[in-house]
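> First the structure, which I've put down as structure tokens, then a few questions once you've had a look.
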Amino acid sequence: MENKDLIPTVEFCECHQIEFSFINTLNEHGLIKITSIEEKKYLSCDQLKNIEKMIHMHYDLDINIEGIEAISHLLERVDLLHRELNILKNRLDFYKERG
């Protein structure tokens, strides 16, 4: 991962007006990954959408970290099932066209 794909956690927290402790807690619970380079902490750009969802859940909907963990797990499962369903639909379409 290149440094251009990383955002300093300090800037992210300032922009979203949140405490670093929230980001750190998400990291401790395995919900996100913080990258450390030369004692500075960064977030990868590909995590931003999920982190912003978690911020919304916590600050706007008042959902605790354990709730965010459960919701994140369920959303990952739904996404996996959705991808599997698309694969099966494509296979079915393939066999319908051949037959």
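> Taking H as built 1.01 Å from N, whose amide H comes closer than 5 Å to the amide H of ILE32, not counting residues under 5 places away?
Under 5 Å from the amide H of ILE32: ASN27.
> Peptides 57-65, 79-87, 6-14: what's the order by average Cβ count within 10 Å, highest mean first?
Ranked by mean Cβ neighbours within 10 Å, highest first: 6-14, 57-65, 79-87.
> What accessible surface, in Å², does a 1.4 Å probe find on ILE71, ignoring ligands, DNA and RNA and rounding to the nearest 10?
About 60 Å², ignoring ligands and nucleic acids.
> Okay, next question. Counting Lys and Arg as +1 and Asp and Glu as -1, each charge on the Cβ, what is the dipole of the stretch 1-70 about the Cα centre in debye, to the nearest 20?
Using only the charged Cβ atoms, the result is roughly 160 debye.
> Restricting to Cα pairs below 8 Å that are 6+ residues apart, what does the relative contact order work out to for the stretch 6-99? Please round to a whole percent.
22
> If you don't mind, another one. Once you place label points 7 Å from the Cα toward the Cβ at SER21 and ASN86, how far apart are they in nm?
Between SER21 and ASN86, the simple spin-label model gives 4.0 nm.
> Show the residues, 5+ positions off or on another chain, whose built amide H is closer than 5 Å to the amide H of ILE63.
Those qualifying (amide H under 5 Å, at least 5 residues apart or on another chain) are HIS58.
> While we're on this one: Suppose R0 equals 41 Å; then what is the FRET efficiency for GLU11 and ASP93 from their Cβ-Cβ distance, rounded to the nearest 0.05?
Computed FRET efficiency for GLU11 and ASP93 comes out at 0.35.
The values are calculated or read from the model by the stated rules, or taken from the named source; none is laboratory data. Note that the structure is predicted; figures quoted are calculated from it, not measured. In this analysis, Cβ positions are derived from the backbone assuming ideal geometry, glycine residues included, and neighbour counts consider all displayed protein chains. Surface areas here come from the heavy atoms of the whole protein model, side chains and all, with no ligands, DNA or RNA. Shrake-Rupley method; radii C 1.70, N 1.55, O 1.52, S 1.80 Å.
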